[in-house]
Amino acid sequence: MRKVISVDRKRLPTEQDEAVIVNRWHPDIPMIAEVKPGESFRVECFDWTGGQINNDDSANDIRDVNLAPCHHLSGPVGVTGAEPGDIIVVDILDIGVFDDERWGYTGIFSKEKFGGFLTDYFHKTAKAVWDFNGIFATSRHIPNLRFAGLTHPGIVGCLPSHELLKRWNDREAALIATDPKRVPPLALPPNPQDVILGKLKGAALEQAGREGARTVPPREHGGNCDIKNLCRGSRIYLPVYVKGGGIVVGDLHFSQGDGEITFCGAIEMSGWVDMHVDLIKGGCNKYGIGQAMFQPGPVDPNYSDYLVFEGISVEDDGTQRYLDVTLAYKQACMNAVNYLKKFGYSGEQAYTILSCAPVEGHVSSVVDIPNACVAVQIPTAIFDFDIRPNAKGPSRQVKTSDLAFET
């Protein structure tokens, strides 16, 4: 299989021999490689921070991480014959870690650094380091836990057109204007600081740096969807907006729970992706597709027994909200966190488990006014003790340890 993008992890993303890294979305980024419909190929990727996080017992690197670059992604890879209105079909054939880097990490960020889904409950900067043994992950920072990973790219998408890019920037700027001083911010506007746009140089790079969309949110083209089921064997349908399409991929995850709730909430890793591409000419009009789609792959951890925590749209102080799914999901997560704390886990450990273990999140009901109902499902088999309720009550089963915190 042809390797179209290689990364040298001993060098910074800005020091690669080939300009294979991008960290903004912009239509003018030149293709770094080209593949033909029907071809299979390999892409290597940094972890999303570009190698800023260490395998150690301190969260100072999480505290000090430079977030201006956003994600360090590999690409763009052009597809021969792809034109706006087509659909590029991407099959995820395989994903793996580098043999000399069989570990990953999960982080809890401060509110000032975007926080996470439960940032109002968890303020400490923290980190868990995970070791990989085949398909399984364990952590010295979270004992009595072992689970199979559902490895996937957090980000995959095609380059936007100038028109689509303007639409993104305009709507996100309008949102920011409603509360421009909010912490964390409502959205991230273009920022030329630490921009990397592959082979784009000089005045063109400066212009694109002022316009390029940040890689944090998902958008119509795919992007940072963080869908854990977009794993080995998945098939992705990406709308084409520029000639060649420009496939960009990265932010690889060894495992993730639905929602990736701590923000840096998957088990982040560097590694490689094997992909196969085909092309559906005029596919967007043929099928009425205006946003990326995918089919899940057949590979899935075989967990069948879950403990399910419900959440409804009622604030902690008892204030009733109307069909608020986001609030209901927060309440379900906190119900699960408070439950796991009874077995000796810290709140931060429980928060991390929900974020990166193969936890299922489901919107169960959005019609039973006034409460939306959401379910967070934790596989019971990932623990080496029984977490189900019984008449004797929970016993402290967890060995004494905790996440790595900042000093």
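The values are calculated or read from the model by the stated rules, or taken from the named source; none is laboratory data. A quick note: this is a predicted structure, and the numbers were derived from the prediction, not measured. Don't worry about glycine lacking a Cβ; one is built from the backbone with ideal geometry, like all the others, and counts go over all protein chains shown.
To keep it simple, each residue is scored yes or no on (1) part of a strand (DSSP E or B); (2) more than 22 Å from the chain's Cα centre (by Cα); (3) modelled with pLDDT of 95 or more.
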| position | (1), (2), (3) |
| --- | --- |
| Pro153 | yes, no, yes |
| Glu163 | no, yes, yes |
| Arg167 | no, yes, yes |
| Asp179 | no, yes, yes |
| Pro192 | no, yes, yes |
| Val195 | no, no, yes |
Taking region 230-274, which residues are surrounded by fewer than 20 Cβ atoms within 10 Å (Cβ to Cβ) and out of contact with any Phe, Trp or Tyr (no Cβ under 8 Å at 6 or more places or on another chain)? Arg232, Gly233, Lys243, Asp258
In region 292-320, what residues are modelled with pLDDT of 95 or more, surrounded by fewer than 16 Cβ atoms within 10 Å (Cβ to Cβ) and in a loop (DSSP other than H, G, I, E, B)? Asp305, Glu315, Asp316, Asp317, Gly318, Thr319
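Could you say whether any residue in region 240-249 is part of a strand (DSSP E or B) and under 21 Å from Ala137 (Cβ atoms)?
no
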Could you pull out the residue among Val89, Val7, Val77 that is at pLDDT 95 or above and touching a Ser or Thr at 6+ places or on another chain (Cβ under 9 Å)? Val7
From Gly311, Gly223, grab the single residue that is touching a strand residue (DSSP E or B) at 6+ places or on another chain (Cβ under 7 Å), of a type in the set (Gly, Ala, Ser) and within 30 Å of Pro389 (Cα to Cα). Gly311
Considering residues of region 192-226 that are farther than 17 Å from Asp28 by Cβ and among the hydrophobic types (A, V, I, L, M, F, W, C) only, the residue surrounded by the fewest Cβ atoms within 10 Å (Cβ to Cβ): Val216
Being buried (at least 17 other Cβ atoms within 10 Å of the Cβ), in contact with a Leu (Cβ under 9 Å, 6 or more places away or on another chain) and over 23 Å from Thr125 (Cβ atoms) is true for just one of Ile5, Ile21. Which residue is that? Ile21
Suppose we filter Tyr339, Tyr351, Tyr345 for residues that are over 24 Å from the mean Cα position of the chain (by Cα), surrounded by 13 or more Cβ atoms within 10 Å (Cβ to Cβ), closer than 20 Å to Phe109 by Cα and of a type in the set (Ser, Thr, Tyr); which single one remains? Tyr345
Which numbered condition Ala266 misses (of (1) within 11 Å of Gly85 (Cα to Cα); (2) outside any loop (DSSP other than H, G, I, E, B)): (1)
Which numbered condition Lys341 fails, given (1) charged (D, E, K, R); (2) closer than 30 Å to Glu44 by Cβ; (3) free of Cβ contacts under 8 Å to residues at least 24 places away in the same chain: (2)
For region 358-407, name all the residues that are of a type in the set (Phe, Trp, Tyr) and assigned by TED's automatic domain parsing to the domain that holds Gln331. Phe383, Phe385
